[in-house]
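The next block holds one structure in the form of structure tokens; read it before the comments.
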Amino acid sequence: MKRILIIDDEEKLRGLMGRVIRLEGFEVIEAADIKTAWKKLDQEDVDVVLCDVKLPDGHGVEFSKALKEKFPALEVILLTAYGNIPDGVQAIKNGAFDYITKGDDNNRIIPLLYKALEKAELNRRVASLEKQLGERRSFDAIIGKSKRLQACIDLARRVAPTDTTVLLLGETGTGKEVFAQSIHQASNRARKSFVAINCSAFGKDLLESEMFGHKAGAFTGAMRDKKGLFEEANNGTIFLDEIGELAPELQAKLLRVLESGEFIKVGDTHPTKVNVRVIAATHRDLPKQIEAGEFRSDLYYRLSVFQITLPALRERTSDIAALANSFATQFALKANKKVGSLSPDFIAALEKSPWNGNIRELKNVIERSVILSDGPVLDIESLPFEMQHPGQNGQNMSAFSLASAEKLHLQKVLNYTNGNKAEAARLLEIGIATLYRKIEEYKL
């Protein structure tokens, strides 16, 4: 049965309207003010709201905007004793289905109600289809079929539709931000902002301003008010990467946001309220940090309501080939090269590597191989020497090592000069003898 909420402080008019609508076979809920209406909406699923414009505790035009933000599928019809064009225009801008005058338009209410119900039903169907499609698409970005990874995806799918805080654990480079984005896309907040911030990328004072914003004049250089990332993420999701690096003062401020949904901007005296879902991530052992007095236990318990520990790449080697193929396609397009496949030896060498930098390191290696490739197949010769010959010249050297980076840069410059070593030495600002020595050292 379709459910209609009538909001009007005139009891007799509200009761009369309710009786007429009930005769049409609809269930009717009544409220005399906005406060009561919010309580009713939290308790019942409503299809259409009939709302007076002037209420004891607010204005119906502004209330309609808040309604549509929180319940986008329902429709709102505004009723006013004294219609005026500016209010009517603003009502439609705020998402109201229609704006009619009491008395003059009484004969329009029932036909209008049926049209609004049809629109509300369509909204629900579209939202349901988008949610199903979003759930399928959102996790497509996570590549791999290994049991360890699929178990993590299953947990993420289960928690995504809720507003529960999620803590993603695992080594650096295991794809925690990709998981956070997928959870957001599969949630009811998917149409709103996803905002990510790395807590280790800023100093304490700058991070506080970035996260919570500041008022003009709060400190030297604060020429105007600034919105923080929590405000930018309002009604959406904020991803706090490397949460273990957060300064103690900011840990207290974050705890307040999680508990009350509000914070005080730098230089402000009044709290700002937000409705944000928090997904946090860290590679650190937070319980050990708690023991060392570096992390608040109460914040940890709020963040870790639902934990997902992502496996290291060496724990899911069966996914390496799929990841490598995906990265190769991506970088081939970027470099305008035709890379059709990866040789068996190339894949075998990838699967034997320890991958201390996980997926991020694999991505780096594939980009290097695409740059060095001359044909449609990536072969083992395009891999770093230490991966071609494990145990020689730097056993298990990371692709993030300084030597590996230097080798890749030398190769890029030699490619740029078409093998002209004198020109390469000039661009590198090193002697020709030094260049020859490095070419021999790196087997270029």
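Based on what the data block shows, is residue 302 open to solvent by 10 Å² or more (accessible area, probe 1.4 Å), basic (Lys, Arg) and touching a residue at least 60 places away in the same chain (Cβ under 8 Å)?
Yes.
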Every listed condition ((1) open to solvent by 40 Å² or more (accessible area, probe 1.4 Å); (2) under 25 Å from residue 262 (Cβ atoms)) holds for residue 150 save (2)
Residues to consider are 40, 65, 35; find the one that is in a helix (DSSP H, G or I), under 15 Å from residue 3 (Cβ atoms) and open to solvent by 50 Å² or more (accessible area, probe 1.4 Å). 40
Out of the residues in region 153-172 that are in contact (Cβ under 8 Å) with a residue 40 or more places away in the chain and open to solvent by less than 10 Å² (accessible area, probe 1.4 Å), state the one that is farthest from residue 200 (Cα to Cα). 159
Run residue 77 past the list (1) part of a helix (DSSP H, G or I); (2) within 22 Å of residue 10 (Cα to Cα); (3) of a type outside the set (Phe, Trp, Tyr) and report the number of the one that doesn't hold. (1)
Please report, ordered by residue number, the helices (runs of 4 or more DSSP H) entirely within region 174-282 with at least 3 residues that are open to solvent by 10 Å² or more (accessible area, probe 1.4 Å) and under 16 Å from residue 299 (Cβ atoms). 248-260
Filter region 185-231 for residues that are in contact with a strand residue (DSSP E or B) (Cβ under 6 Å, 6 or more places away or on another chain) and of a type in the set (S, T, N, Q); which is modelled with the highest pLDDT? 198
Give me the residue from region 377-406 that is at pLDDT below 70, open to solvent by less than 40 Å² (accessible area, probe 1.4 Å) and touching a Gly at 6+ places or on another chain (Cβ under 9 Å) and, out of that set, farthest from residue 327 (Cα to Cα). 401
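Within region 225-259, track down each residue that is among the aliphatic types (A, V, I, L, M) and in contact (Cβ under 8 Å) with a residue 60 or more places away in the chain.
Let us first name the residues in region 225-259 that are among the aliphatic types (A, V, I, L, M), namely 229, 233, 238, 240, 243, 246-247, 250, 252, 254-255, 257-258.
Matches in region 225-259: 243, 258.
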Of all the residues that make up region 328-383, how many are more than 19 Å from residue 414 (Cβ to Cβ) and hydroxyl-bearing (Ser, Thr, Tyr)? 4
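Conditions (1) of a type in the set (S, T, N, Q); (2) out of contact with any helix residue (DSSP H, G or I) (no Cβ under 9 Å at 6 or more places or on another chain); (3) open to solvent by less than 70 Å² (accessible area, probe 1.4 Å), marked per residue:
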position	(1), (2), (3)
9	no, yes, no
15	no, yes, yes
28	no, no, yes
45	no, yes, no
48	no, no, yes
79	no, no, yes
96	no, no, yes
From 363, 421, 352, 412, grab the single residue that is more than 30 Å from residue 311 (Cα to Cα) and at pLDDT 85 or above. 421
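The values are calculated or read from the model by the stated rules, or taken from the named source; none is laboratory data. From a predicted model like this one, the values you see are computed outputs, not experimental measurements. Cβ: placed from backbone, ideal geometry, glycine included. Neighbour counts: every protein chain shown. Just the protein is used for accessible areas: all its heavy atoms, side chains included, with ligands, DNA and RNA removed. Shrake-Rupley method; radii C 1.70, N 1.55, O 1.52, S 1.80 Å.
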